[in-house]
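Data first, discussion second: the structure below is written as structure tokens.
FYI, it's all coordinate maths here, none of it is from the lab. Computed from a prediction, not measured in an experiment: that's the story for all the values here. Here the Cβ positions follow ideal geometry from the backbone for every residue, glycine too, while neighbour counts run over all protein chains shown.
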Amino acid sequence: MKKVIIKSPGTVANLVCGFDILGLALNEPNDIMELTLLDEPRVIIHNKDEFDLPTDPEKNVAGVVLLSIMEKMDNKIGFEVTIEKHIKPGSGIGSSAASAAGAAVAANHMLGNIFSTDEVVQFAMNGEKLASGVKHADNIAPCILGGVTLIRSIHPLDIITIPSPDLFVTVVHPQIEVRTSDARQILKQQVSLKDAIRQWGNIAGLVTGFMKNDLDLIGRSLEDVIIEPVRSILIPGFAEVKKNCKEAGALGGGISGSGPSVFMLSKDEGTAKAVESVMKDVYTRIGIDFNTYVTTINKTGVEIVE
Ligand code: HSE
């Protein structure tokens, strides 16, 4: 029996100003998935964690991805998958993308890498559609490719990997659940030209800052005048966390994906740890349970473990 074990990383989508178009992969946390190729057309799912996610493949993020690959292979094969989630669903650090991208990369590996990276991203986006109602690739692309990625376009798919400095990332996950679909529904459908111009400046500044290794420019560009003012209302303590983290030396940061996690970029580990302790202080004071991660940018994306 053919079997593969993969490690699929958490991701930070949007990178503050780049709603739906920018994302980066994290070295921690990771989901672990084991995939077996079957010679009959069915998808069997086992969950090896406490999250009680659906095992019906039509209702499971990894399941719909595997079904779409099975269909593409004229239903001549099937898959059995065991998912061990460490990235909590609804955390804002790409839990659904890790399952979807992990399933797509593992299946492609089993099939002898017959699909291109763009095709693997397309398969994986079926999982995001199930999870949030919309095909977006700002978690999927960095999860598969690693590093910082720009999704210039979805139709047609145009993904660009952006070289980035070796930054540290601190993430705090206050233990409240924000569904991506809800966090998308509350967004305004109209943007003023003034705000759009400011946001374009920030996106261009952030990408340039990554490419030129200009940490001050990265910090200045981590500003969102469109999405954050609306979504931050869903995250208790957000303004205080952001202010205190910057005072502790973070370059900047904001909502991770659709929240409730908040991330901050720092130039060194000492600062990233100081930022973590500031985050812990805020949520301890407010009285909300939390998890934190101090990690770096994952440069490889989904990894074949064995
Ligand atoms: N770009 C998506 C959003 C990411 O912000 O809704 C969801 O993780």
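At a Förster radius of 45 Å, what calculated FRET efficiency corresponds to the Cβ-Cβ distance of Ala239 and Glu119, to the nearest 0.05? Could the numbers behind the result be given before it?
Working: r = 42 Å, r/R0 = 0.94.
With R0 = 45 Å, the Cβ-Cβ based efficiency is 0.60.
Expressed as a rounded percentage, what relative contact order does the chain have, with Cα pairs under 8 Å and six or more residues apart? Please list the in-between numbers first.
Details: 740 pairs, mean separation 75.7, N = 306.
Relative contact order for the chain comes out at 25 percent.
Computed over region 126-231, the P(r) tail beyond 18 angstrom holds 63 percent of alpha carbon pairs.
So how do Lys76, Lys129 line up by other beta-carbon neighbours within 10 Å, fewest first? Before the final figure, lay out each step's value.
Working: Lys76 9, Lys129 15.
Least to most surrounded, the residues fall as Lys76, Lys129.
Extension gain for the segment Arg220 to Thr36, taken as residue separation times 0.36 nm less the Cα-Cα distance, is 61.6 nm to one decimal. Here the label points at Lys299 and His46, each 7 Å from Cα along the C-beta direction, are separated by 3.6 nm in the simple model. Let's test this: bin the Cα-Cα distances of the chain at 20 Å from zero up to the farthest pair and state each bin's percent. Result, from short to long distances: 36, 55, 8 percent. Taking R0 as 25 Å, what's the FRET efficiency between Ile176 and Arg198 from their Cβ-Cβ distance, rounded to 0.05? E(calc), rounded to 0.05, equals 0.30.
Multiplying the sequence separation of Glu247 and Lys129 by 0.36 nm and subtracting their Cα-Cα distance, what value in nm do you get? Don't jump to the answer; show the numbers that get you there.
Numbers: separation 118, 0.36 × 118 = 42.48 nm, distance 3.81 nm.
Extra length from Glu247 to Lys129 when fully extended: 38.7 nm.
With the alpha-carbon atoms of region 183-306 aligned to their principal axes, the span from lowest to highest coordinate is 41, 37, 37 Å, starting with the largest.
Could you give the distance between the Cα centres of region 43-99 and region 140-161, to the whole Å? Their Cα centres are 21 Å away from one another.
Taking Cα atoms only, the orientation of helix 117-132 departs from the longest principal axis of the chain by about 70 degrees. Summed over all non-identical Cα pairs, the Kirkwood treatment of region 109-170 gives a radius of 12.7 Å. Estimated purely from DSSP H runs of n ≥ 4, each contributing -39500 (n - 2.57), the mean residue ellipticity at 222 nm for the chain is -11500 deg cm²/dmol once divided by its residues. Directionally averaged projected area (region 1-152, Cα convex hull): 8.1 nm². When peptides 239-252, 25-38 are ranked by their average number of other Cβ atoms within 10 Å per residue, the highest-first order is 25-38, 239-252. Under the simplified labelling scheme, the Gln189-Glu269 pair shows an inter-label distance of 5.0 nm, with each label point 7 Å from Cα along Cα→Cβ. When only the Cβ of Lys, Arg, Asp and Glu is charged (+1, +1, -1, -1), the dipole of the chain relative to its Cα centre reaches about 660 debye. Ignoring aspartates and glutamates fewer than eight residues from Lys3 along the same chain, the ones with Cα atoms less than 19 angstrom from its Cα are Asp31, Glu34, Asp39, Glu40, Glu80, Glu84, Glu303, Glu306. Considering lysine pairs in region 14-127 that are 8 or more places apart or on different chains, how many have Cα atoms under 20 Å apart? Total qualifying Lys-Lys pairs in region 14-127 comes to 6. Among His136, His155, sorting on how many other beta-carbon atoms sit within 10 Å of each Cβ, with the fewest leading, yields His155, His136. Since only Ala250, Leu217, Thr180 are under comparison, the one whose Cα sits farthest along the positive direction of the charge dipole of the chain, derived from C-beta charges on Lys, Arg, Asp and Glu, is Leu217.
Rounded to the nearest 20 Debye, what is the dipole magnitude of region 147-254 about its Cα centre when Lys and Arg each give +1 and Asp and Glu each give -1 at the C-beta?
Numbers: 12 positive and 12 negative charges, 53 e Å.
Computed charge dipole of region 147-254: roughly 260 debye.
Between the Cα long axis of helix 95-110 and the first principal axis of the chain there is an angle of about 40°, rounded to the nearest 10.
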